[in-house]
Amino acid sequence: MQLEIMSESNQFSYFPGSRYMGSKNKIINEIWSILKNYKFNSFFDAFAGSNVVSYFMKCQDKSVITNDFMKISYCSSKAIIENSFIKLTENELDFILTNKNKSNFISKTFKDLYFTNSENSFLDKVSSNIFQLRNEYQKAIALSALVRACMKKRPRGIFTYTGHRYDDGRKDINISLKEHFLNNIEIFNSAVFDNGHNCKAENQFTEDISINADLVYFDPPYFTPNSDNDYVRRYHFVEGLVRNWKDLEIQENTKTKKFKSFKSPFSNKLNAFSAFDELFSKYKKSIIVVSYSSNSLPTKDELTQLLKKYKSKVDVFEINLTYSFGNQNHKIGNGNNRVQEYLFIGS
């Protein structure tokens, strides 16, 4: 038993962490210290995001189902949560790096915006070759590695601005995109493992999906009047990359060449109330867990009362958290980024 526990703990160390907005990587141990007291075998992560919570639950021998409307989240989940055995081999990697093609969409569309001309050419060739892979898990590993490479190479890991004015001096900025990609192939390959359960990744809007699970976990975009919760605005370039820019409306009039964002029920206070109410009603037979922040709406009391409509017992736990960066440069390291992270549990 002790060896099994050590094995699970060691496996989580292979998780490909990132600076993804809202990631629970910093507080995953605090979350687990609370959830481990509840009895559940199946776990549904309805807003998977960085996938850190789902991957941790896979390491804890749970049957995991993930969902996120962002394709970058879905690819990562497909690669290391749904996938239990398949890795990207040297043969596929050689094909990705050497097969010649005439793709130039990135070079034309995003010239001088985020990466150099040679880096854009690399992205054109590599991404085009990845989409030719036949195995869905190898494709997911390669795309996830390419996404993480772009985010590591990019100052602050986001695409809300052009150029490199936020260069924070990190070593990652000076590493070539190709080297980042190769490193991340190894990282994602190492993260693949079998926990003995069938795990599944979904790519839908949460309001459109229904999953049977012992415990459902909601970590939706936090609505606050003081900042936006638009994931597309931050990650539109890598999101377009994994979608191969299909069925996306690129807004040519914008400096960043972002595409039109998807509608979110958590975009304002009124819609957020309704969205939570619908989710709680849909999953009232499961243990319901919600991560939410003290600077967001609905408030702690409002969300508690809403959950009590459907669950006889509601507990609220508080976890201290300081965000690593805000929307503006002056907020980095600012004490105002210190908030209480709430964990609501209806059982």
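The values are calculated or read from the model by the stated rules, or taken from the named source; none is laboratory data. Predicted, not measured: the structure shown is a model, and the values here were computed from it. Heads up, the Cβs are rebuilt from the backbone with ideal geometry, glycines too, and the neighbour counts pull from every protein chain shown. Note: areas computed on protein heavy atoms with side chains; ligands, DNA, RNA excluded. Shrake-Rupley method; radii C 1.70, N 1.55, O 1.52, S 1.80 Å.
Descriptive notes on the structure:
- Rounded FRET efficiency, nearest 0.05, which uses the C-beta distance separating LYS200 from THR98 and R0 of 35 Å: 0.55
- Spin-label model distance (nm) - ASP214 vs ASN91, 7 Å beyond Cα toward Cβ: 4.0
- Inter-part distance where segment 104-153 and segment 238-278 are each reduced to a Cα centre, Å: 21
- Protein accessible area in the chain, 1.4 Å probe - carbon and sulfur %: 46
- Surface accessible to a 1.4 Å probe, per residue, for the residues of the chain, Å²: 47
- Based on alpha carbons, the Rg and Dmax found for segment 23-92 are 13.1, 45 Å.
- In this rough spin-label picture, where each label sits 7 Å from Cα along the Cβ direction, the LYS39-SER312 distance is 1.5 nm.
- Helical contribution to [θ] at 222 nm, DSSP H n ≥ 4, -39,500 (n - 2.57), averaged over the chain, rounded to 500: -11500 deg cm²/dmol
- 0 to 90° range, to nearest 10: angle between helix 177-191 axis and the chain longest Cα axis: 40
- Computed accessible area, ASP112, all protein chains, 1.4 angstrom probe, square angstrom: 110
- As computed over segment 94-160, the Cα convex hull volume per residue (Å³): 92
- Within segment 24-62, backbone nitrogen closer than 12 Å to the virtual label 7 Å beyond the Cα of SER347 toward Cβ: 34-40
- Sequence of MET151, MET57 when ordered by accessible area, the most exposed leading, probe 1.4 angstrom: MET151, MET57
- Ranking of ASP61, ASP124 by solvent-accessible surface, largest first: ASP61, ASP124 (1.4 Å probe, protein heavy atoms only, all chains present).
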